[in-house]
Amino acid sequence: KEFLKSVGKFSINLLLSTPVEELSASYEEWRRQHRNEVVLYPSAICAGWQTLARTFKNETQGKAKTTELEGTNVKPNRYVDESSSINETGHYDDERFLETKLNTSAKEFLKHTGKCSIESLLSVSITKLAKSYKEYRRLHFNDDVESPYATCAKWQSLVRDYQDEINRNKEHYEDPEDAKDFSLMIEVEHLTRVTFENVTLLPIKHITVMDNRTEQLFSFRINIRQSGIPDSGYGAFLTFLGARKLKERARILSEKLMKDRLEFEEFYDENEEPPTLEAVIGDYNVIVTLTGQDLHGNGNCTYFSYTRFPLKAKLYDKIQNVFIGPNEVHDDVQALRSRNEIASPENGLGKLKMFTDDDYESDDETQFCSIDQGTIDLGRYGPFLLTDRKTEMEFNLKDFLFDFEPAAWNFHVEEKLRGCSQFIDVTDDCTGEPHRLACSNIPKYVNEVGHDQTLKQNVVARDQHNRVVHYYINQHEPMSKGDTVELLVNYGIGYEGTRERKGYGKENIEGILECDKVEVAKMKRDHAEREYMVDTIKNMKLMKIKHYVEFLESRFIAPLVEFTDAYIRKKRNYQRIPSRRQLVARQRLSWLGSLFRRQIDDLTVGTTFQDSRDVQNLRKLLDHKRLEPQISLSDKSSPLITILISERYEEVLCSVSKEDGLFHAYDPSMWSKVGRDFCRDFIKTVTLNSIGRSSTFGRLIDPLFKMAIQAIDIIKNACNTLNSANSTQ
């Protein structure tokens, strides 16, 4: 702090705008003059200051953007929230890129040389950077880099690739105009209800809301049917049933009573001290704290601009009648009702809830538009259950197990959960699909606009209290009585990974990427997810492993093993056939279990923890005989065999796809069809021979030898065909 003050850099903007080289040179000189000492690695120290400053700046800016019912929480998954280097505003995040895309050695070197920002990394010449990196490795690691030029070129290539990603994602996912400051219409509770269709049990919602300015009532019906968007399943459709307005007599009465009344929208925190008001009594100014029933308004939050009933304020030892105004005091509507000045029906309507249905008449000419009337609370998206709240890693584990279906049904919220990023996940922990409570609420059925320019967003997502997600109807195009529109939201850039898997991402539309229905495309995405799991678990400490294994056991292992085993072993009491997603989850539990077992062994073998009770319990929970599906080849029609072969294929390719292994042996851009088919058939043969019995080399040698002969014959025939064609020419 002393140094930064002395050189006039004691502000975040000044600190970030100064090149690391200039700052480190000044710091080294300052320490020599003022402390008579030499600084080791001044560039790394100054770069660390800038990293801290940048982190603090990002955090404070993020907090400033989020207030209750303001700002949109997009629907992200880890492609943006954790692993991506693009932040929520669509800008490039230097620290996140360096943290997630480069190894430890590279990060330490770049920080040491002051090239820890993307801009500085791209601005330096590769030759100069490679020379510095080679020298750095020699001094700090006592080794030589085989190809420092190629290594540094790869770093810059990674940066440019992600800059291209930013350019592709320049399309902003913003709410419709004025959505951030919408006026919320008041729901009329006794005229709002949810029913369910007899056969499908799909929800139907009838809702009536009031325009708080005109006291008009607007009625709607929301029902669920097939979406107008192809291959999107069910959709939610809003039908405007018409408006009602106050009859002339009631309108005049309301205007008379509301004269000098204003809406009051500010609420004091109950934990704060009550407000104090200034009153003039005689020749003295005093501060009076006001209490009593006349200070508070009714549920509609209205107040008089002056007091009709004298308020008593205690002043020293005397009681004085005080007349206070004009804009500080709330009127107590209950006092008006107790004096029979206004009616008080059981289900009152209007601002003061003093009207009934008889005081209203149809108004078929009035249209509904959120710009004019306001926005309607469609209801809660989630959470509904305590188990709907998950940390980021907990959600990632579940998302992987259930073949990435939960990624289509989650929201990230601002509130932390046990110190980690929190995700709202409304899928069932046994199926990976939306659970019963989510399916009984309308927001679950609202589809999204994606990249289709012909679709209009009319729903926005809002984060209440930083922890609960609500949907709000924000219809900008006017609706006449009888009009119906499909409700559509926009999940933003964070949902792009799910769009790409489903086939309607931007690059799918442009023909650059293929969806998960194409095997190779799915393999590439799944391969990246498996590598993420391998790297993450490999870096876990024992306490983290214990937490996540217990999480998997309580939520997934116990119910999935019991449910799928009943099907696999054909128990008499099993009632339902597991879904494909559940069978995939069962096999992936077995694979994750092997990763956890390996990491536990690496951490504990040869240590005092090796035979501890906690470690023994973990090994028991992760026992491969318990997790691995025990199936038999006798049931040739079992879908589990097909799923098992597909999953084992991914598992084997993930384990051998190293620099010296079969790198991406599924990729047609790298491998011939003969090579890909041979690899697949090889793994299939090994898998089938390991099912339900102990495999031996003798049992495997004949089919593997035949496969090799077939591959050779294909190549020979192709060569003969080419040679024949050349000889005839």
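The values are calculated or read from the model by the stated rules, or taken from the named source; none is laboratory data. Source: prediction; values computed, not measured. Note: ideal-geometry Cβ built from the backbone for every residue, glycine included; neighbour counts use all protein chains shown. Surface accessibility is based on the protein's heavy atoms, side chains included, excluding ligands, DNA and RNA. Shrake-Rupley method; radii C 1.70, N 1.55, O 1.52, S 1.80 Å.
Which percent of the accessible heavy-atom area of the stretch 543-630 goes to carbon and sulfur, probe 1.4 angstrom? Don't jump to the answer; show the numbers that get you there.
Details: 2350 of 4900 Å².
About 48 percent, which is the carbon plus sulfur part of the accessible surface.
Over 31 Å between Cα atoms: which of 444/524; 1/541; 416/541 fall into that group? Please list the in-between numbers first.
On the way: 444/524 29 Å; 1/541 35 Å; 416/541 21 Å.
Too far apart for the 31 Å limit: 1/541.
Here the stretch 457-488 and the stretch 106-138 have alpha carbon centers that stand 49 Å from each other.
When ligands, DNA and RNA are left out and all protein chains stay put, how many square angstrom of accessible area per residue does the stretch 450-586 have with a 1.4 Å probe?
Numbers: 6510 Å² over 137 residues.
Accessible area per residue, the stretch 450-586: 47 Å².
The simple Förster model, with R0 at 45 Å and r as the Cβ-Cβ distance, assigns residue 624 and residue 715 a FRET efficiency of 0.70. Here r is the Cβ-Cβ distance between residue 707 and residue 187 and R0 is 60 Å; the resulting FRET efficiency, rounded to 0.05, is 0.35. Here each label is just a point 7 Å from Cα along the line to Cβ, and for residue 141 and residue 384 those points are 5.2 nm apart. Maximal additional length on extending the residue 33-residue 234 stretch stands at 65.1 nm, based on 0.36 nm per residue less the C-alpha distance.
Remark: spin-label model distance residue 670-residue 107 equals 2.5 nm, labels positioned 7 Å along the Cα→Cβ axis. The largest accessible area among 405, 215, 22 belongs to the first residue in 22, 405, 215, and the rest follow in falling order (1.4 Å probe, all chains). With 27 Å as the limit, the listed pairs 506/544; 538/625; 5/111; 107/544 have 506/544 beyond it between alpha carbons.
The label point for residue 440 and the one for residue 51, both projected 7 Å from the Cα toward the Cβ, are 5.0 nm apart.
With 0.36 nm allotted per residue and the present C-alpha distance subtracted, the residue 562-residue 195 stretch has 128.6 nm of extension available. If R0 equals 25 Å, the separation of the Cβ atoms of residue 518 and residue 417 corresponds to a calculated FRET efficiency of about 0.10. The gain in end-to-end length when the residue 598 to residue 362 segment is fully stretched comes to 77.8 nm, 0.36 nm per residue minus the alpha carbon separation.
Restricting to DSSP loop positions (anything but H, G, I, E, B) with no more than 13 other Cβ atoms inside 10 Å of their own Cβ, which GluC sites (Glu not before Pro) remain in the stretch 503-536? List each step's numbers first, then the result.
Details: sites: 507, 510, 514, 519, 529, 531; in loops: 510, 514.
When the GluC sites (Glu not before Pro) of the stretch 503-536 are filtered for loop state and at most 13 Cβ neighbours within 10 Å, 510 remain.
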